[in-house]
Amino acid sequence: MLKNKDLLGLKDCSAEEIYEILDTATEMKQLLLSEKKQSDLLAGKSLVTLFYENSTRTRSSFELAAKYLGASEVNISVATSSVQKGETLIDTGETLDAMKIDFIVIRHPMAGAPKLLAQHVKASVLNGGDGMHEHPTQALLDFYTMREKLGRLKGLKVAILGDIKHSRVAMSNLIGLRKLGAEVYMYAPATMIPKEIDKLGAHIAKSREEAVEGADAVMGLRIQLERQHGGLFPSLSEYSRYYGVNDAVLKYAKKDAIILHPGPVNRGVELTPQLIDGDKSFILEQVTNGVAVRMALLKLLAEYREKNL
Ligand code: CP
């Protein structure tokens, strides 16, 4: 049983809750892979996706997850909503509450926006990514994929390379993996490593090779050009040459290491196209698992609501 109405970040989740989500996702994956892909587990429930930033995977997988479990779902297109007339986030949330919505999935450029919303609505709020803070459902689907492919999470060495400073995915992965007993090694240009991230338990490597040496999983992170104000690295081609993951770098990892990336990928920048499309890459499997994990979260939060609200 989850202990909160909302999923705002992995900072608030215990290892037991994370495992409960992953175990429930295993059941949900069976349903997702079945011919029918349909259940009435969430019949009568409703979900709204409220995205103030672009998304392909997170938004559509939440919408599909709700549909597959029999809930109704609506997307609010922020670009054409009353947000453009100056409506505040809290007013938007209270309006959705008045429509008796059960779940609001929000993506927002401001860290903390999902928490603010959650404090003002009865609906369960799920963080679909807030600024440079957390992206908990992405990390959960990453954990699901690692456990499915590697058989465990405790004791794994996970190498994360890329734009760590601007990455909410890196933050949620680090917080969650440390709770689950995995070691996290990070490597990026110094301009892309946040100050004091080592205090959260990250090992900051001095080279790509050191980060990847003996790793079970190698995760590339997107270079987030939209969050940068220039000057963090000389050019994309130099980034790829000196900081990207290629065959030569991957040789340092374990023989059966897996490659992950939250997407969208800048092909040839964070990872070579050969690695993205190769047999060690589980990037598309991550997308499939994202639907199962989000189905699991909706099921578990619905159970919480039934018992506590
Ligand atoms: N990984 C991720 O959050 O992808 P989207 O931006 O497409 O949702």
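The values are calculated or read from the model by the stated rules, or taken from the named source; none is laboratory data. Please read these numbers as outputs of a predicted model, since none were measured by experiment. Neighbour counts are summed over all protein chains in view; Cβ atoms, including those assigned to glycine, are modelled from backbone coordinates with ideal geometry. For accessibility, only protein heavy atoms count, side chains too; no ligands or nucleic acids. Shrake-Rupley method; radii C 1.70, N 1.55, O 1.52, S 1.80 Å.
Please enumerate the residues belonging to the stretch 16-54 that are under 21 Å from residue 127 (Cα atoms), acidic (Asp, Glu) and more than 16 Å from the ligand (Cβ to nearest atom).
Across the stretch 16-54, the qualifying residues are 16, 17, 20, 23.
Enumerate the pairs (first residue in the stretch 138-154 and closer than 13 Å to residue 285 by Cα; second residue anywhere and surrounded by fewer than 24 Cβ atoms within 10 Å (Cβ to Cβ) and of a type in the set (Asp, Glu)) with beta-carbon separation below 7 Å, excluding pairs fewer than 6 apart on the same chain, so at least 6 apart or on different chains.
From residues that are closer than 13 Å to residue 285 by Cα, the pairs are 145/285.
Answer yes or no: is there a residue in the stretch 267-277 that is within 12 Å of residue 162 (Cα to Cα), assigned to a strand (DSSP E or B) and open to solvent by less than 20 Å² (accessible area, probe 1.4 Å).
The answer is yes, given that some residue of the stretch 267-277 is within 12 Å of residue 162 (Cα to Cα), assigned to a strand (DSSP E or B) and open to solvent by less than 20 Å² (accessible area, probe 1.4 Å).
Output the residues belonging to the stretch 278-308 that are open to solvent by 40 Å² or more (accessible area, probe 1.4 Å), more than 16 Å from the ligand (Cβ to nearest atom) and in contact with a strand residue (DSSP E or B) (Cβ under 9 Å, 6 or more places away or on another chain).
280, 305 - these are the residues of the stretch 278-308 that are open to solvent by 40 Å² or more (accessible area, probe 1.4 Å), more than 16 Å from the ligand (Cβ to nearest atom) and in contact with a strand residue (DSSP E or B) (Cβ under 9 Å, 6 or more places away or on another chain).
Just one of (1) among the β-branched types (Val, Ile, Thr); (2) modelled with pLDDT of 95 or more; (3) part of a loop (DSSP other than H, G, I, E, B) trips up residue 223, so point out which.
So residue 223 meets the others, but not (2).
Out of all the residues in the stretch 170-208, which are assigned to a strand (DSSP E or B) and free of Cβ contacts under 8 Å to residues at least 24 places away in the same chain?
Those that are assigned to a strand (DSSP E or B) and free of Cβ contacts under 8 Å to residues at least 24 places away in the same chain: 203, 204.
Please state which one of 145, 137, 92, 88 is hydroxyl-bearing (Ser, Thr, Tyr) and open to solvent by 60 Å² or more (accessible area, probe 1.4 Å).
88
I need a count of the residues in the stretch 218-262 that are within 16 Å of the ligand (Cβ to nearest atom) and either of a type in the set (S, T, N, Q) or open to solvent by less than 20 Å² (accessible area, probe 1.4 Å) (or both).
Here the count works out to 9.
Residue check, residue 212 against (1) open to solvent by 60 Å² or more (accessible area, probe 1.4 Å); (2) under 19 Å from residue 272 (Cα atoms); (3) in contact with a strand residue (DSSP E or B) (Cβ under 6 Å, 6 or more places away or on another chain), all met but one. Which one?
Checking residue 212 against (1) open to solvent by 60 Å² or more (accessible area, probe 1.4 Å); (2) under 19 Å from residue 272 (Cα atoms); (3) in contact with a strand residue (DSSP E or B) (Cβ under 6 Å, 6 or more places away or on another chain), the one that fails is (1).
Kindly indicate the residue of the stretch 15-54 that is polar (S, T, N, Q) and within 19 Å of residue 73 (Cβ to Cβ) and also surrounded by the most Cβ atoms within 10 Å (Cβ to Cβ) among those meeting that condition.
49
Exactly one condition in (1) within 16 Å of the ligand (Cβ to nearest atom); (2) crowded, with 20+ Cβ neighbours inside 10 Å; (3) of a type outside the set (S, T, N, Q) is false for residue 57; which is it?
(2)
Consider residue 105 carefully, then state whether it is in contact (Cβ under 8 Å) with a residue 24 or more places away in the chain, buried (at least 24 other Cβ atoms within 10 Å of the Cβ), more than 16 Å from the ligand (Cβ to nearest atom) and among the aliphatic types (A, V, I, L, M).
Considered against the rule, which asks whether it is in contact (Cβ under 8 Å) with a residue 24 or more places away in the chain, buried (at least 24 other Cβ atoms within 10 Å of the Cβ), more than 16 Å from the ligand (Cβ to nearest atom) and among the aliphatic types (A, V, I, L, M), residue 105 comes out as no.
Could you tell me which residue of the stretch 61-74 is nearest to the ligand (Cβ to nearest atom), considering only residues that are of a type outside the set (Lys, Arg) and open to solvent by 50 Å² or more (accessible area, probe 1.4 Å)?
64
Could you go through the stretch 82-102 and let me know if any residue there is within 25 Å of residue 284 (Cα to Cα) and modelled with pLDDT of 95 or more.
Checked the stretch 82-102: no residue is within 25 Å of residue 284 (Cα to Cα) and modelled with pLDDT of 95 or more.
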